[in-house]
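Here the structure is laid out as structure tokens; the discussion comes afterwards.
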Amino acid sequence: MNNIYKTVHKFGKDEIVINKSRFIGYSMPIESEEDALEFIDKIKTKHRDATHNVYAYVVGESNNIQKFSDDGEPSGTAGIPALEVIKKEDLRNVVVVVTRYFGGIKLGAGGLIRAYTKGAKIGLEAGIIVEKVLHHKIKIRINYSLYGMVENFLNTQGYIVDDIKYDDAVNIYVYVKFSDVERFINTIRDMTSGNVDIEEVGKEHLSMKAGKRIK
């Protein structure tokens, strides 16, 4: 499992007109090749009247699967440029579809490459390019008397608190970066003089941009 990788956060859509041709860029985060093909089919159905529905996608930790289609455009002018945008951004597990409605003016090979590059780029940007950073979800169980001090530490240090549950003690669920888990646990134990139960309850890749979580 990659501890950190780049992808898009959500479904993205944007469009641009180049020499009267309309290019609509779509992107989507995916988990499998099946997800990619399902998304491509969905866009093709939506735009069955389009001149072309060009696509590219990558799947796997090392982009083990890389596929593209020119969908009738001259070979090398559409699908490969879209794939190259994904690879240049070093993205994982993402699909891009660029739909074209021909406007009557031929763009030539160079023009097509630029247009499909731009179409893929705006589609990806609309999906918000993020870093997926592996976090461990830690449960901290403490007495109420320690809650204020621990809460202040979590807030000032910028930790992501997922949930707080109250029973005969306070149960705080915190996301901690994979690289920071050991230090975090030791700090909490020191702070509470060992009067704490700490448990790892899961792992999750969170979407991060400029150091902040995006939900």
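Need pairs with beta-carbon distance below 9 Å; first residue in contact (Cβ under 8 Å) with a residue 24 or more places away in the chain and open to solvent by less than 30 Å² (accessible area, probe 1.4 Å) and within the range 169-192, second outside any helix (DSSP H, G or I) and aromatic (Phe, Trp, Tyr); sequence gap 6+ or separate chains.
174/159; 175/159; 176/159; 184/159
Residue under question is residue 136, and the condition is that it be at pLDDT below 95 and either of a type in the set (Phe, Trp, Tyr) or assigned to a strand (DSSP E or B) (or both); does it hold?
It is false that residue 136 is at pLDDT below 95 and either of a type in the set (Phe, Trp, Tyr) or assigned to a strand (DSSP E or B) (or both).
Go through (1) surrounded by 13 or more Cβ atoms within 10 Å (Cβ to Cβ); (2) more than 30 Å from residue 182 (Cβ to Cβ) for residue 104 and report which single condition fails.
Unmet for residue 104, out of (1) surrounded by 13 or more Cβ atoms within 10 Å (Cβ to Cβ); (2) more than 30 Å from residue 182 (Cβ to Cβ): (1).
The rows are residues; the columns are (1) on the phi > 0 side of the Ramachandran plot; (2) surrounded by fewer than 22 Cβ atoms within 10 Å (Cβ to Cβ); (3) touching a Gly at 6+ places or on another chain (Cβ under 6 Å).
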residue	(1), (2), (3)
15	no, yes, no
27	no, no, yes
38	no, yes, no
48	no, yes, no
73	no, no, no
89	no, yes, no
93	yes, no, no
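Matching residues to (1) small (Gly, Ala, Ser); (2) under 30 Å from residue 105 (Cα atoms); (3) over 13 Å from the mean Cα position of the chain (by Cα):
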| residue | (1), (2), (3) |
| --- | --- |
| 6 | no, no, no |
| 20 | no, yes, yes |
| 33 | no, no, yes |
| 37 | no, no, yes |
| 45 | no, yes, yes |
| 57 | no, yes, yes |
| 72 | yes, yes, yes |
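For the range 115-132, name all the residues that are β-branched (Val, Ile, Thr), assigned to a strand (DSSP E or B) and open to solvent by 10 Å² or more (accessible area, probe 1.4 Å). First the steps, then the outcome.
Filtering the range 115-132 down to residues β-branched (Val, Ile, Thr) leaves 117, 122, 128-130.
Then keep just the ones that are assigned to a strand (DSSP E or B); that gives 129-130.
129 - this is the single residue of the range 115-132 that is β-branched (Val, Ile, Thr), assigned to a strand (DSSP E or B) and open to solvent by 10 Å² or more (accessible area, probe 1.4 Å).
For the range 77-87, name all the residues that are open to solvent by 10 Å² or more (accessible area, probe 1.4 Å) and over 17 Å from residue 23 (Cα atoms).
84, 87
Counting just the residues of the range 139-168 that are assigned to a strand (DSSP E or B) and without any contact (Cβ under 8 Å) to a residue 12 or more places away in the chain, which one comes out nearest to residue 208 (Cα to Cα)?
We begin by selecting, within the range 139-168, every residue assigned to a strand (DSSP E or B); these are 139-142, 160-166.
Going one step further and asking which of them are without any contact (Cβ under 8 Å) to a residue 12 or more places away in the chain, we end up with 163-166.
Details: 163: 19, 164: 22, 165: 25, 166: 29 Å.
Among residues in the range 139-168 that are assigned to a strand (DSSP E or B) and without any contact (Cβ under 8 Å) to a residue 12 or more places away in the chain, the one nearest to residue 208 (Cα to Cα) is 163.
Tally up the residues in the range 193-213 that are aliphatic (A, V, I, L, M) and surrounded by fewer than 13 Cβ atoms within 10 Å (Cβ to Cβ), please.
Count: 2.
Any residue in the range 45-66 that's touching a residue at least 24 places away in the same chain (Cβ under 8 Å): show its pairings with residues that are in a loop (DSSP other than H, G, I, E, B) and open to solvent by 90 Å² or more (accessible area, probe 1.4 Å) at Cβ separation under 6 Å, as long as the two are six or more apart or on different chains.
Within 6 Å, the pairs are 51/102.
Among (1) surrounded by fewer than 18 Cβ atoms within 10 Å (Cβ to Cβ); (2) in contact with a strand residue (DSSP E or B) (Cβ under 6 Å, 6 or more places away or on another chain); (3) among the hydrophobic types (A, V, I, L, M, F, W, C), which single condition is residue 142 missing?
So the condition that residue 142 fails would be (1).
Quick one: count up the residues across the range 52-71 that are open to solvent by less than 30 Å² (accessible area, probe 1.4 Å) and not hydroxyl-bearing (Ser, Thr, Tyr). Spell out how you get there, then give the answer.
Within the range 52-71, the first condition is being open to solvent by less than 30 Å² (accessible area, probe 1.4 Å), and the residues that meet it are 52-54, 56-60, 63, 69-70.
Then keep just the ones that are not hydroxyl-bearing (Ser, Thr, Tyr); that gives 52-54, 56, 58-60, 63, 70.
Summing the residues that are open to solvent by less than 30 Å² (accessible area, probe 1.4 Å) and not hydroxyl-bearing (Ser, Thr, Tyr) in the range 52-71 gives 9.
The values are calculated or read from the model by the stated rules, or taken from the named source; none is laboratory data. All values reported here derive from a predicted model rather than from experimental measurement. Cβ sites come from the backbone with ideal geometry, for glycine too, and all protein chains shown count toward neighbours. Each accessible area value is taken on the protein alone, full model and side chains, heavy atoms only, with ligands, DNA and RNA left out. Shrake-Rupley method; radii C 1.70, N 1.55, O 1.52, S 1.80 Å.
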